[in-house]
Amino acid sequence: MTFVRGVFYCPWRHEDFDETARMLHEHHVNVVSLQRAGNGWFGYAYYPSAIKPHALPEGEDLLADALRAFHGLGIAVRAHLAVGNDPAIAQAHPDWLAVRRDGVAARPPEAWDSGSYYHLCPARPEYQAYLLQVVAEIAQAYPIDGIDLDYIRYPWTPAGPYCYCAHCRSTYQDTAGIDPVTLEPGQEGWEQWLTWRAAQVTDLVRRIGETLRRERPGATLMAYIAAWYAETSDRSEVAKIRERFGQDVTALAPHVDAYAPMLYHNYPHEPFTIVHGVGWVGAMTRWIREAGGRPVWSATQVAPRDVSPLTARLAAEVSMTAGSEGVVLFPLGSIATSPGPEIWPEMDKVFGRLARLELADRREEA
Ligand SMILES: [Zn+2]
């Protein structure tokens, strides 16, 4: 068995991937969930796309460079696809944005402060068709090991749930005979509305998975699951994830190969706003493992503002003790909250031990 010793990695715009690959290999990393690889950043592609505007000068191909360097050292490369978040598309098609119950579209500054976060409605058929084109383009052209679906959800803020865009309201009206904006949480009809909403996300994941497997057999699909705003360590948080974000981990299970619940346990700021101990990481790992019946690669926090390297290591260990098949450290690379090299002396203790055990197993088998 191979545990995922992963990193959520956001490369710099111009980066020596050989050096990065050597550094990660030295620290026993075997999987990179590579940001900017899927649909880029701000909606601009970092590979020569026929569909999307380009972020890099002609002839530059970040994804090809990364694949060559990481694969050269045996590190799997998973293309990170920021499903709901695409500022370029949002600006071209503002009517595709998700809409909150009070009518506020999911963009800055009305919905939140983050200037780069525009959340499209995951149920919008035109946007779904566009996403499938992006998946097919990447999977056809690049020997990726898989795709990691991020923002594969509805947005959610304490100010209210989504999505009440024209498409969702009219489609639900046609399906259920009622305008969902008239439904109140906890009252009759609310549960049916939640089921419909989650089914839109599940169906999008199903179609992305079919596209990926058709274009690149053997590549795997992972979904990042949003556990933010959790107030407890109880099993009921799994239902809260569905209610807030439209992610039904039981319904999604036939369509994905793994889940990465984003278990940043101490992040007392926007946009995650969560304060727990490392025990919460273990509890949530277990509940999602049970509800989903799929391997869990917990995305654990290494952001140094709020966790020490020792705590980061404990979070990873607790997750694996609770039944995860590995961890994806969040974040590394060019994200502002990424740690420096101080993280590695502690993380080496986890990743290094796993790597040595796996090597010993392989020798035994041989
Ligand atoms: Zn919508």
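The values are calculated or read from the model by the stated rules, or taken from the named source; none is laboratory data. The shown structure was predicted, so the numbers you read here are calculated from the model rather than taken from an experiment. Heads up, the Cβs are rebuilt from the backbone with ideal geometry, glycines too, and the neighbour counts pull from every protein chain shown.
Overview of values
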{"read-out": "Residue satisfying all of: in region 146-183; in contact with a His (Cβ under 9 Å, 6 or more places away or on another chain) and outside any loop (DSSP other than H, G, I, E, B); nearest to the ligand (Cβ to nearest atom) among these", "value": "162"}
{"read-out": "Considering residues of region 208-232 that are in a strand (DSSP E or B) and under 10 Å from residue 257 (Cβ atoms) only, the residue farthest from the chain's Cα centre (by Cα)", "value": "220"}
{"read-out": "Qualifying residue in region 134-145 (condition: within 14 Å of the ligand (Cβ to nearest atom) and farther than 19 Å from residue 240 by Cβ)", "value": "no"}
{"read-out": "Flag if residue 93 is surrounded by 15 or more Cβ atoms within 10 Å (Cβ to Cβ) and within 24 Å of residue 336 (Cα to Cα)", "value": "no"}
{"read-out": "Subset of region 196-228 [small (Gly, Ala, Ser) and either under 12 Å from residue 132 (Cβ atoms) or touching a residue at least 40 places away in the same chain (Cβ under 8 Å) (or both)]", "value": "198, 199, 209, 219, 223, 226, 227"}
{"read-out": "Any hit, region 271-285, residues being surrounded by 22 or more Cβ atoms within 10 Å (Cβ to Cβ), among the aromatic types (Phe, Trp, Tyr) and touching a residue at least 12 places away in the same chain (Cβ under 8 Å)", "value": "no"}
{"read-out": "Condition check for residue 212: among the aliphatic types (A, V, I, L, M) and either exposed (fewer than 15 other Cβ atoms within 10 Å of the Cβ) or over 28 Å from residue 300 (Cα atoms) (or both)", "value": "no"}
{"read-out": "In region 233-243, residue surrounded by the most Cβ atoms within 10 Å (Cβ to Cβ) [restricted to those that are over 16 Å from the mean Cα position of the chain (by Cα) and touching a residue at least 12 places away in the same chain (Cβ under 8 Å)]", "value": "238"}
{"read-out": "Filter result (assigned to a loop (DSSP other than H, G, I, E, B) and either small (Gly, Ala, Ser) or surrounded by 17 or more Cβ atoms within 10 Å (Cβ to Cβ) (or both)) within region 113-145", "value": "114, 115, 116, 117, 118, 121, 122, 123, 124, 142, 144, 145"}
{"read-out": "Region 107-138: number of residues that are of a type in the set (Gly, Ala, Ser) and over 18 Å from the mean Cα position of the chain (by Cα)", "value": "4"}
{"read-out": "The lone exception for residue 18 - which of (1) crowded, with 22+ Cβ neighbours inside 10 Å; (2) over 29 Å from residue 164 (Cβ atoms); (3) in contact with a helix residue (DSSP H, G or I) (Cβ under 6 Å, 6 or more places away or on another chain) it fails", "value": "(1)"}
{"read-out": "Of all residues making up region 1-14, the number that are surrounded by fewer than 18 Cβ atoms within 10 Å (Cβ to Cβ) and more than 23 Å from residue 319 (Cβ to Cβ)", "value": "3"}
{"read-out": "Top-ranked residue in region 110-128 [being touching a Ser or Thr at 6+ places or on another chain (Cβ under 8 Å) and closer than 14 Å to residue 161 by Cα; ranked as modelled with the lowest pLDDT]", "value": "112"}
{"read-out": "Strands (runs of 3 or more DSSP E) contained in region 1-108 and holding at least 3 residues farther than 28 Å from residue 225 by Cβ", "value": "none"}
{"read-out": "First in region 161-173 and closer than 22 Å to residue 229 by Cβ, second anywhere and more than 8 Å from the ligand (Cβ to nearest atom) and in a helix (DSSP H, G or I), Cβ under 6 Å, 6 or more apart", "value": "164/181"}
{"read-out": "Cross-chain or 6+ apart pairs with Cβ under 6 Å, region 84-96 first and among the aromatic types (Phe, Trp, Tyr), then in a helix (DSSP H, G or I) and at pLDDT 95 or above", "value": "96/127"}
